[in-house]
Structures are given as structure tokens and as C-alpha cells.
Amino acid sequence: MSDLLIHGVLWAVCLAALLASAATDVKSRIIPNRFAMAVAICGLALSIAARPHQLWAVALGAAAVFFVFGVFAHYGLVGGGDVKLIAAAAMLVPPERIPLLLLSIALAGGVLSFAYLTMGYVFRRVRFALPEPPEAGIADAEPARWVKSEYARIAAGSPVPYALAVLGGVGSYILGELPKCFSAISCSL
């Protein structure tokens, strides 16, 4: 199996886990441990395949991220699932690029938070007439219920589903690295 195929499969699994964690976080504001674990395992596998000499530094960097964000979680600034997912995502990149990844996640989180704050402001001032969800058993019932519950969460000022920001940050990091990979410049993917 070629290195390119291995990297492609690992990144696909990682992105699928990040997408699933974002969907679950949006739906129920929970990030299951299995998704963070899948991202961490993909990160370790990518490190072993691409930079085995830096494996210890990758693990140390992820542990530092986990510790720092764990302190934030202790004071209620971020959720525990967010901490695990961000630390796992830190394992996806070379140690010297962890700050860049965290910056990408923070910027995506800022955009997401701004959108939620804006929608919350609008939703508290203007009452939208949401249609009632269809009766149980109809295929369209679940999305309609989700829209109604998300509307209520945003209007009440509930926490932002930060797994979306992690997905956006990792996605923007990948998009920033792709041109380097295609032009045979040093690529960290």
C-alpha cells in the first residue's frame, strides 16, 4: 500500500470523525469520546507514517494542549468534549504547526460564535413563526424538530457547538497545506 493511499485513508477517517462529532455536537451538545479517540488514533498513525522521529513531540504537544484547555474547562470556559477533540486534532499536525492549527480553530470558533450571537440577538427580538414538526413517523419530522430545538437553544443563549469550529479549523488547515502538497513543497499532511 502506498504512503499516499495510507495518508488519504487516514485523513478521510479523521475528517469523517470530525464531521460526525460536529453533527452530534450540533444535535445534542455532546461530543462522544469515540470521535475524539478516532481523531487521536489517526493523528498518531499519521505521525508514525510521516514523521516517526517526532512522535514524542506530537504526543507532548497534544498533552500540553489538553492540559491548557483542561484548565479552561475547569473554569467552565470550554466543554470537556471540546478539550478532548482539540487535543486530538493537535496530533494531526507536526508539533511546530500546532499553534497554527489552534489559531485556525480559534478563528473558526470566532466566526461561529459571532453567527450564534447574531442569531441569538435576532431571535430574542423577532419571533419567527416556525412550522410545527410533522407527526411522528414522517421522514421530515426529525429535521423540523431539530430546527425548532436549535432555534430555542440559540434564543436562550446556549453554548456554541464548538466541534464545528474544530472541523472548520482542521479543514482550513488542510486547505492551506494542499497547494504545498501539489507543488512538491514541504507538505505536512
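Cβ-Cβ distances below 8 Å connect no pair with a first residue in the stretch 62-74 that is at positive phi and in contact (Cβ under 8 Å) with a residue 12 or more places away in the chain, a second residue that is part of a helix (DSSP H, G or I) and surrounded by 14 or more Cβ atoms within 10 Å (Cβ to Cβ), and a separation of six or more residues or different chains. Only one of the listed residues (R125, R153) is surrounded by 17 or more Cβ atoms within 10 Å (Cβ to Cβ) and either modelled with pLDDT under 85 or under 29 Å from S47 (Cα atoms) (or both). That residue is R153. Of the helices (runs of 4 or more DSSP H) that lie entirely inside the stretch 8-109, those containing 2 or more residues that are over 11 Å from the mean Cα position of the chain (by Cα) and surrounded by fewer than 15 Cβ atoms within 10 Å (Cβ to Cβ) span 33-50, 55-74.
Taken over the stretch 1-30, the residue count meeting the criterion of being touching a residue at least 60 places away in the same chain (Cβ under 8 Å) and touching a Pro at 6+ places or on another chain (Cβ under 9 Å) is 7.
Just the residues that are more than 14 Å from C42 (Cα to Cα) and in contact with a helix residue (DSSP H, G or I) (Cβ under 7 Å, 6 or more places away or on another chain), please, taken from the stretch 53-80. Steps first, answer last, please.
Of the residues in the stretch 53-80, the ones more than 14 Å from C42 (Cα to Cα) are 53-54, 56-57, 60-61, 63-80.
Q54, A57, G61, V65, F66, F69, G70, A73, V78, G79, G80, listed by residue number.
The values are calculated or read from the model by the stated rules, or taken from the named source; none is laboratory data. Keep in mind that what you see is a predicted model, and the values were worked out from it rather than measured. Every residue, glycine as well, gets a Cβ built from its backbone with ideal geometry; the counts of neighbours run over all protein chains shown.
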